[in-house]
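Working notes, structure below.
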Amino acid sequence: MTTTYDPFHPKYLDGLDLREEMDRVFDLCHGCRLCFKFCPSFPTLFKAIDAHEDQDAAKITDAEAFQVVDECFNCKLCGEVNCPYTPGKHEWALDFPRLMLRAKAFQQDDGRKSGRQRVTDKALSKTDLAGVVNSGVTAPIVNKALGQPGSKLRSVMAKVTGISEERILPPYARIRFSTWFKKHTPKVRGPKQGEVALFPTCLVEYTDTQVGRDLVGVYERNGISCSLPEGQRCCGAPALHQGDLPQFRKEAAHNVKVLADAVRSAAARGRDLTIVVPEPTCGFVLKNDYVDYLATPDAELVAEHTKDAAEYLVALHKAPDTQLDTDFSGEVPEKVAYHAPCHLRAQSIGLRSRDLMKLTGAKITVVAECSGIDGTWGLRAENFDAARGVAKKMAAAIEKADADTVAGDCSLANGGIVLETGQTPQHPLSVVARAYGIPADAD
């Protein structure tokens, strides 16, 4: 049995070795049960083991074991936030999310996925292709067609791609973020306090472009110059979470070269460049997964220079030689219900978006319940009902907060909030931008 989460280990994709490690981890999780509330995987696992009188995890069937894998949406809350037995903390060296990624990679490599599953994988992982085709001049037509959950067209799309016909999808932008950025005239105010390279992510590039524009507005107001290294792609998270390691490594290697070159170029000019990311899943990927799955010095370099967008601003505010502009003369909400996304909490940086919005004077209520989206898992038709089941606690907490504004860092999770509550969240950077009096741009 190989207790490893190293994707370069020779037994990483060995089915028998994987099953032995799954049995070991499943037995430990069954004895602990601390993570029973996070996702469907744990109740399914505990029920399967409890069916045996001696409660031996090795006696559950392969079908039952891989049902646990299929129901894991890799929110990372169990391993990164809750588990006391993780590598470096305990001799058991248990990392459930990374074990699930290993199992998904095995499923992909071993050909265990159905044709339908592979079609859905491709549909969800080709984010740049979809963005290029559907944004720009075609956006109004595409949005009208796709923006009606349950419509006949969405039903046909669900049958072809496996993407749920009831899921609210983010609308495509007529003007991509990179197009706007190239035409944007920088307006850096006051003394220069920093220099950042933006990794806007495919969500900001093609759909939630207002987040990118607000990020630039807030940063430039605080003396931070922004650049956008050319050639960036989707971070590759959809491919990774589906177990497609070759595709993920291809995307990762491309982005790492682009970003590492930008960091080195700045260093050659005597500048310290930080890569800032406004979407939590993509930030986690740059900080952690690129290092794990590429294992190169450049991946380490990118990880060391990457920060969440709010993390960077709060650090600037707390530093002794820099300061954040706290003149919030614009529209400041009285109460904000802030949804803290799972992949942001998994970064172990604290709730920096909450801290940032607090500076405006708004009263913040934190909602730390999962949306059930987690990358692309909740977009799949077969997971739709389970995802909504997970999101019930989140919706109840938002309703209980009774706030005049809902905020959340993750664009996909925000779509889940719209579906469950009818309220449209803003990104925390947009809340801060409006508080500064920076107007929202018309798309």
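Just so it is clear, none of the values below were taken in a lab; they were calculated from the coordinates. Note that the structure is predicted; figures quoted are calculated from it, not measured. All Cβ positions, even for glycine, are placed from backbone atoms using ideal geometry, and neighbour counts span all protein chains on display.
Let me make sure I get this right: for segment 115-161, a, b and c are the square roots of the gyration tensor eigenvalues over alpha carbons, sorted descending. Under 1.5 in a/c it's rounded, otherwise prolate if a/b > b/c, else oblate. Which is it? Don't jump to the answer; show the numbers that get you there.
Values: a/c = 3.42, a/b = 1.20, b/c = 2.84.
Because a/c hits 1.5 or more and a/b fails to exceed b/c, segment 115-161 counts as oblate.
Taking the Cα centre of segment 15-109 as origin, sum charge times position over the Cβ atoms of Lys and Arg (+1) and Asp and Glu (-1), and report the length of that vector in debye to the nearest 20. Please report the intermediate quantities before stating the final value.
Values: 11 positive and 17 negative charges, 96 e Å.
Approximately 460 debye in magnitude.
Segment 243-295 to segment 50-111: how many Å between their Cα centroids?
That distance is 27 Å.
Please flag any cysteine in the chain that has no other cysteine's Cβ under 4.7 angstrom from its own Cβ.
Cysteines of the chain left without a disulfide-compatible partner: Cys29, Cys32, Cys39, Cys72, Cys83, Cys226, Cys370, Cys410.
Just report the Cα centroid separation between segment 375-431 and segment 153-200, whole Å.
18 Å
Jot down the radius of gyration and Dmax of segment 331-443, Cα atoms only, both in angstrom.
13.9, 43
Assuming a ≥ b ≥ c are the square roots of the Cα gyration tensor eigenvalues, decide whether segment 15-109 counts as rounded (a/c under 1.5), prolate (otherwise, with a/b larger than b/c) or oblate. Don't skip to the answer; put the middle values down first.
Working: a/c = 1.34, a/b = 1.11, b/c = 1.20.
It comes out rounded by the Cα gyration axes.
Quick one: pull the percentage of alpha-carbon pairs in segment 128-278 with a separation above 23 Å.
Working: 5344 of 11325 pairs.
Result for the distance tail: 47 percent.
Residues of segment 335-360 with the amide nitrogen closer than 12 Å to a label point 7 Å from the Cα of Asp404, along Cα-to-Cβ, please.
335-336
Rg and Dmax of the chain, Cα atoms, in Å?
21.7, 70
For helix 245-268, what angle does its Cα long axis make with the longest principal axis of the chain, in degrees from 0 to 90 and rounded to 10?
For helix 245-268, the angle is close to 30 degrees.
Ala295 versus Ala51, label points 7 Å from Cα toward the beta carbon: distance in nm?
The answer from the label model is 3.7 nm.
Based on the Kirkwood radius over alpha-carbon pairs, what is the Stokes-Einstein translational diffusion coefficient of segment 217-364 at 20 °C with 1.002 mPa s viscosity, in µm²/s?
Numbers: Rh = 16.7 Å.
This corresponds to a translational diffusion coefficient of 128 µm²/s.
How would Glu369, Glu53 line up from fewest to most surrounding beta-carbon atoms within 10 angstrom? Mind showing how you got there, number by number?
On the way: Glu369 19, Glu53 7.
The fewest-first ordering by Cβ neighbours comes to Glu53, Glu369.
Would you kindly calculate the mean projected area, averaged across all directions, of the convex hull enclosing the Cα atoms of segment 304-385, in square nanometres? Present the calculation step by step, with values, prior to reporting the outcome.
Numbers: hull surface 30.4 nm².
Across all orientations, segment 304-385 yields a mean hull projection of 7.6 nm².
Rank by packing, highest mean first: peptides 316-324, 375-383, 416-424, 128-136, with packing defined as the count of other Cβ atoms within 10 Å averaged across residues. Intermediate values should be presented prior to the final figure.
Working: 316-324: 13.2, 375-383: 21.9, 416-424: 18.1, 128-136: 16.6.
For the peptides 316-324, 375-383, 416-424, 128-136, the packing ranking is 375-383, 416-424, 128-136, 316-324.
Percent antiparallel among DSSP beta bridges with both residues in the chain, to the nearest 5?
Numbers: 1 of 21 bridges.
The antiparallel fraction comes to roughly 5 percent.
Round to the nearest 0.05 the FRET efficiency obtained for Lys318 and Arg269 when R0 = 25 Å and r is the Cβ-Cβ distance. Write down the numbers at each step before the final one.
Working: r = 26 Å, r/R0 = 1.05.
E(calc), rounded to 0.05, equals 0.40.
Can you give the FRET efficiency for Ser329 and Thr61, using 1/(1 + (r/R0)^6), R0 = 51 Å, r = Cβ-Cβ distance, to the nearest 0.05?
Efficiency computed from Cβ-Cβ geometry: 0.20.
So who's got an amide H within less than 5 Å of the one on Ile163, skipping anything under 5 residues away but keeping other chains? H placed 1.01 Å off N, in plane.
Ala381
About its Cα centre, how strong a charge dipole does segment 115-161 have in debye, to the nearest 20, once Lys and Arg get +1 and Asp and Glu get -1 at the Cβ?
On the way: 8 positive and 2 negative charges, 50 e Å.
Result for segment 115-161 is approximately 240 debye, rounded to the nearest 20.
Among 223-233, 171-181, how do they line up by average Cβ neighbours within 10 Å per residue, starting with the highest? Walk me through the intermediate numbers first.
Values: 223-233: 16.8, 171-181: 19.8.
Final packing ranking: 171-181, 223-233.
State to the nearest 20 debye the size of the charge dipole of segment 335-436 about its Cα centre, where the only charges are +1 on K and R beta carbons and -1 on D and E beta carbons. The partial results should precede the final answer.
On the way: 12 positive and 10 negative charges, 63 e Å.
Dipole magnitude for segment 335-436 comes out near 300 debye.
Rg(Cα) of segment 181-267 divided by 2.2 N^0.38 Å? Mind showing how you got there, number by number?
Working: Rg = 14.8 Å, N = 87, 2.2 N^0.38 = 12.0 Å.
It is 1.23.
Just name one of Phe26, Ser41, Asn143: the one whose Cα is farthest towards the positive end of the charge dipole of segment 3-160 (beta-carbon charges, Lys/Arg +1, Asp/Glu -1).
Positive-end residue among those listed: Asn143.
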